[in-house]
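Engineer: The following block contains the structure, expressed as structure tokens.
The values are calculated or read from the model by the stated rules, or taken from the named source; none is laboratory data. Bear in mind that the values here come from a model prediction, so they are computed numbers and not experimental data. Cβ placement follows ideal geometry from the backbone for every residue including glycine, while neighbour counts extend to all protein chains displayed.
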Amino acid sequence: MSRTLPWTVATIRMALESRKVSARELADDFFARIARRNPELNAYLALSPELAYQQAARVDAAVAKGEPLPPLAGVPIAVKDVLSTTGIPTTCGSKILENYVPPYNATAVERLEAAGAVILGKTNCDEFAMGSSNENSAYGPVRNPVALDRVPGGSSGGSAAAVAAGLAVAALGTDTGGSIRQPGACCGIPAVMPTYGRVSRYGLIAFASSLDRIGPFTTTIADAAAVLSTIAGHDPLDSTSARIDVPSYAHEIEKDIAGLRIGVPEDYFGAGLDPEVREQVQSGIALLQKLGCKRIPLKMPHTDYAIAVYYIIATAEASSNLARYDGVRFGLRVPGATLMDMYRKTREQGFGPEVKRRIMLGTYALSAGYYDAYYLRAQKVRALIFQDFADAFLKCDLIVTPTMPTPAFRLGEKTADPLQMYLADIYTVTGSLAGVPGISVPCGKTSQGLPVGLQIFGSHFGEARMLQASSQFEKAGGFSIAP
Amino acid sequence: MKITRDDVLRVAQLAHLELSETEVEMYRGQLDAILSYVDNLNELDVSGIEPMAQVLAGATRDPASAGPSTAADAPTDAEDRENSALRADVERPMHTAETVLKIAPDPVPPYFRVPKVIER
């Protein structure tokens, strides 16, 4: 089997069809890579070889019979540990779910399996997806494969690291305030947050229900298109999933982007932006202009308020969603003399410091006497941020910004000050609040060799155009990495 | 100072968290810093602005079962948001009690056993 061929959805399909490799051999290869690299990276929390080999056998049987192969046949994929997987432990990076094995699959996982994907295992993440560095996992931090002393970003750090290190061809992550795009930028790979409602949240263990989204990490935009096509679309099991047709992303990304209007909000290039990141992102924008895009200067006046709005709304929703962890029906139970005693001991021992901090903040923001001042006000400012995006998309087709204000920071650098950690989400939370799709595309490196991400926002349900620009950018810039 | 020790204890009680002494002091300082930061929202005039609880509710409307409007665009009013995602009330199979009890910490089928709640 060729180790020189970078595995993508397309190369795997060709190799399977021409019988150069079997799905079983591919799974062997990826499990061997994981065995070599995972002890150092800590990207995977659990492996699912039994299910993976069953799926590989189904794919190999289809090849042997000459049957048409499903779209992701044999593609080794990792799944963030906040997505429910039948029979595979799902911990959310938390001690409170240490022994939890869900009795059902998330819809996104179900669709990957139906498309022939081989699920390798579950990836590490910040506890309940709360974090920007993957240092909040109860199972230890993930290391960035590009620079081992750096964080891989968070909260989907394990998924990003697994794909960047070649331990999976693609991975699912989740994004509530930047948790797909930000690790994509840190690890130097494409990372897609679809429109709110584009991908069913059924089986995604909830953090903040009005913000949570599921999307792919891949090494190429074509692969991102292939995975997104598979998981997108209405699901009767999620009442917030949209009844809007999913276009053929594979077809759309081939289109020329000359004439597209790209909005560049000056509010995203102010104080706090690392000079080298600024320089790379400006070169990226220049490249899009060279490809025929028209640069439109934008003002998005409520950008400065996004972090505050986000950390009120997300924590308020989290405090409500995480009330279910009480030791009664599933997960950890710490015995107590009374029911209340059991609740309190279970939650005290089961949750880590960041989760407790957010539950406290959200409970405070929703509590009597503070609701109007915090939660209601934040919801109103959310409407203003939504309007900033609506106004911008009257003037442009896409919005281009940095994904992160800095490159990946060092492990331990920001753990002492939660507010500093929250501020790392400054460019990603706006799109989260507005419900628009966003992608982080690799956009060169700093002088120290750390990846920089270019963020592209599309309009609601405008993933096709966002991926189209990303694909043309990738082809022209050659920024895509091969594992 | 926005947050006192009593505030932390009150919130911990509401959230069913039993904090240690060290945690009480740590969270007091951290919540204070975060809440001071979010005070920047008070700079904005939000009078007359509708609070946004959910984006894109209009996109979830079932054209077969919904009212007069079928366009997949932003909701027009509160009633629209509420009714946009109603589905037909049809029975469908779900997890059985057996499956669910299998993953419970202390099952006594068909019940979840918990410490005594009601005093006789």
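Engineer: Given the conditions (1) within 14 Å of another protein chain (Cβ to nearest Cβ); (2) in contact with a Lys or Arg (Cβ under 7 Å, 6 or more places away or on another chain), and given that A:Phe269 satisfies all but one, which numbered condition is not satisfied?
Structural biologist: It is condition (1) that A:Phe269 fails.
Engineer: Ok, one more. Identify, please: which residue in the stretch A:345-385 is in a loop (DSSP other than H, G, I, E, B) and touching a helix residue (DSSP H, G or I) at 6+ places or on another chain (Cβ under 7 Å) and is, among those, farthest from B:Val114 (Cα to Cα)?
Structural biologist: A:Tyr370
Engineer: Please go through the stretch A:386-423 and pick out each residue that is charged (D, E, K, R) and either assigned to a helix (DSSP H, G or I) or closer than 19 Å to A:Ile456 by Cβ (or both).
Structural biologist: Passing the criteria: A:Asp388, A:Asp391, A:Lys395, A:Asp397.
Engineer: Out of the residues in the stretch B:100-110 meeting the condition of being outside any loop (DSSP other than H, G, I, E, B) and within 26 Å of the chain's Cα centre (by Cα), tell me which one is farthest from the other protein chains (Cβ to nearest Cβ).
Structural biologist: Checking each candidate, the answer is B:Leu101.
Engineer: Here's something else I'd like to know. Please find, among A:Gly327, A:Gly284, the residue that is outside any helix (DSSP H, G or I) and either modelled with pLDDT of 95 or more or within 14 Å of chain B (Cβ to nearest Cβ) (or both).
Structural biologist: It is A:Gly327.
Engineer: Looking only at the stretch A:319-349, count every residue that is of a type in the set (A, V, I, L, M) and within 26 Å of the chain's Cα centre (by Cα) and tell me the total.
Structural biologist: 2
Engineer: If you don't mind, another one. Among all residue pairs at least 6 apart or on different chains, which show Cβ distances below 8 Å where the first residue, located in the stretch B:23-41, is more than 9 Å from every other protein chain (Cβ to nearest Cβ) and the second is surrounded by 16 or more Cβ atoms within 10 Å (Cβ to Cβ)?
Structural biologist: Between residues of the stretch B:23-41 that are more than 9 Å from every other protein chain (Cβ to nearest Cβ) and residues that are surrounded by 16 or more Cβ atoms within 10 Å (Cβ to Cβ), the close pairs are B:Val24/B:Val8; B:Val24/B:Ala12; B:Arg28/B:Ile3; B:Arg28/B:Asp7; B:Arg28/B:Val8; B:Asp32/B:Ile3.
Engineer: Restricting to the stretch A:310-323, what's the tally of residues that are among the aliphatic types (A, V, I, L, M) and within 7 Å of chain B (Cβ to nearest Cβ)?
Structural biologist: 1
Engineer: Moving on. Within the stretch A:383-419, how many residues turn out to be under 19 Å from A:Ala271 (Cα atoms), of a type in the set (Ser, Thr, Tyr) and either surrounded by fewer than 21 Cβ atoms within 10 Å (Cβ to Cβ) or free of Cβ contacts under 8 Å to residues at least 40 places away in the same chain (or both)?
Structural biologist: So the count comes out to 1.
Engineer: Scanning for something out of contact with any Phe, Trp or Tyr (no Cβ under 9 Å at 6 or more places or on another chain) and among the acidic types (Asp, Glu), does the stretch A:423-435 turn up at least one residue?
Structural biologist: no
Engineer: Tally time: how many residues in the stretch A:213-237 are assigned to a loop (DSSP other than H, G, I, E, B) and crowded, with 19+ Cβ neighbours inside 10 Å?
Structural biologist: Counting residues in the stretch A:213-237 that are assigned to a loop (DSSP other than H, G, I, E, B) and crowded, with 19+ Cβ neighbours inside 10 Å gives 4.
Engineer: Could you grab me the full set of residues in the stretch B:1-49 that are under 30 Å from A:Asp388 (Cα atoms) and among the small types (Gly, Ala, Ser)?
Structural biologist: B:Ala33, B:Ser36, B:Ser47, B:Gly48
Engineer: Now a separate question. Kindly evaluate A:Gly336 against the criterion of being in a loop (DSSP other than H, G, I, E, B) and either at pLDDT below 95 or within 14 Å of chain B (Cβ to nearest Cβ) (or both).
Structural biologist: Criteria met by A:Gly336.
Engineer: In addition: Go through the stretch A:366-382 residue by residue and tally those that are buried (at least 17 other Cβ atoms within 10 Å of the Cβ), more than 7 Å from every other protein chain (Cβ to nearest Cβ) and of a type in the set (A, V, I, L, M).
Structural biologist: The number of residues fulfilling the criteria is 1.
Engineer: Okay, next question. Checking A:Tyr343 against (1) buried (at least 23 other Cβ atoms within 10 Å of the Cβ); (2) more than 8 Å from every other protein chain (Cβ to nearest Cβ); (3) without any contact (Cβ under 8 Å) to a residue 24 or more places away in the chain, which test does it fail?
Structural biologist: Of the numbered conditions (1) buried (at least 23 other Cβ atoms within 10 Å of the Cβ); (2) more than 8 Å from every other protein chain (Cβ to nearest Cβ); (3) without any contact (Cβ under 8 Å) to a residue 24 or more places away in the chain, the odd one out for A:Tyr343 is (2).
Engineer: Checking the condition without any contact (Cβ under 8 Å) to a residue 40 or more places away in the chain and in contact with a Gly (Cβ under 7 Å, 6 or more places away or on another chain), which residue from A:Val101, A:Val21, A:Val59 passes?
Structural biologist: Exactly one residue qualifies, and that residue is A:Val101.
Engineer: Consider A:Gly203 carefully, then state whether it is modelled with pLDDT of 95 or more and within 14 Å of another protein chain (Cβ to nearest Cβ).
Structural biologist: In short, yes.
Engineer: A further question follows. Is there any pair with a first residue in the stretch A:1-14 that is small (Gly, Ala, Ser) and a second that is at pLDDT 95 or above and assigned to a helix (DSSP H, G or I) whose Cβ atoms are under 9 Å apart and which are 6 or more apart or on different chains, and what are they?
Structural biologist: Listed by first residue and then by second, the contacts come to A:Ser2/A:Ala15; A:Ala10/A:Ala222; A:Ala10/A:Asp223; A:Ala10/A:Ala226.
Engineer: Take A:Thr240 and decide whether it is more than 14 Å from chain B (Cβ to nearest Cβ), over 18 Å from A:Thr428 (Cβ atoms) and assigned to a loop (DSSP other than H, G, I, E, B).
Structural biologist: When the stated conditions are applied, A:Thr240 does not pass them.
Engineer: Next question. Is it fair to say A:Ile253 is within 14 Å of another protein chain (Cβ to nearest Cβ) and surrounded by 14 or more Cβ atoms within 10 Å (Cβ to Cβ)?
Structural biologist: no
Engineer: Quick check: anything in the stretch A:355-365 out of contact with any strand residue (DSSP E or B) (no Cβ under 6 Å at 6 or more places or on another chain), facing another protein chain (nearest Cβ under 9 Å) and over 30 Å from A:Asn99 (Cβ atoms)?
Structural biologist: Checked against the condition, which is being out of contact with any strand residue (DSSP E or B) (no Cβ under 6 Å at 6 or more places or on another chain), facing another protein chain (nearest Cβ under 9 Å) and over 30 Å from A:Asn99 (Cβ atoms), the stretch A:355-365 yields at least one hit.
Engineer: Search the stretch B:1-40 for residues being under 22 Å from A:Ala378 (Cα atoms) and outside any helix (DSSP H, G or I), and hand back the single one that is modelled with the lowest pLDDT.
Structural biologist: B:Met1
Engineer: Answer yes or no as to whether A:Tyr311 is free of Cβ contacts under 8 Å to residues at least 24 places away in the same chain and crowded, with 24+ Cβ neighbours inside 10 Å.
Structural biologist: Judged against the criteria, A:Tyr311 is not a match.
Engineer: Go over the candidates A:Leu45, A:Leu26 one by one and state the one that is at pLDDT 95 or above, closer than 20 Å to A:Ala57 by Cα and either assigned to a helix (DSSP H, G or I) or not polar (S, T, N, Q) (or both).
Structural biologist: A:Leu26
Engineer: Filter the stretch A:316-340 for residues that are basic (Lys, Arg) and either surrounded by fewer than 20 Cβ atoms within 10 Å (Cβ to Cβ) or in contact with a strand residue (DSSP E or B) (Cβ under 6 Å, 6 or more places away or on another chain) (or both) and give the result.
Structural biologist: Of everything in the stretch A:316-340, those that are basic (Lys, Arg) and either surrounded by fewer than 20 Cβ atoms within 10 Å (Cβ to Cβ) or in contact with a strand residue (DSSP E or B) (Cβ under 6 Å, 6 or more places away or on another chain) (or both) turn out to be A:Arg324, A:Arg329.
Engineer: Yes or no: A:Ala108 part of a loop (DSSP other than H, G, I, E, B), in contact (Cβ under 8 Å) with a residue 40 or more places away in the chain and among the aliphatic types (A, V, I, L, M)?
Structural biologist: So A:Ala108 does not fit the description; no.
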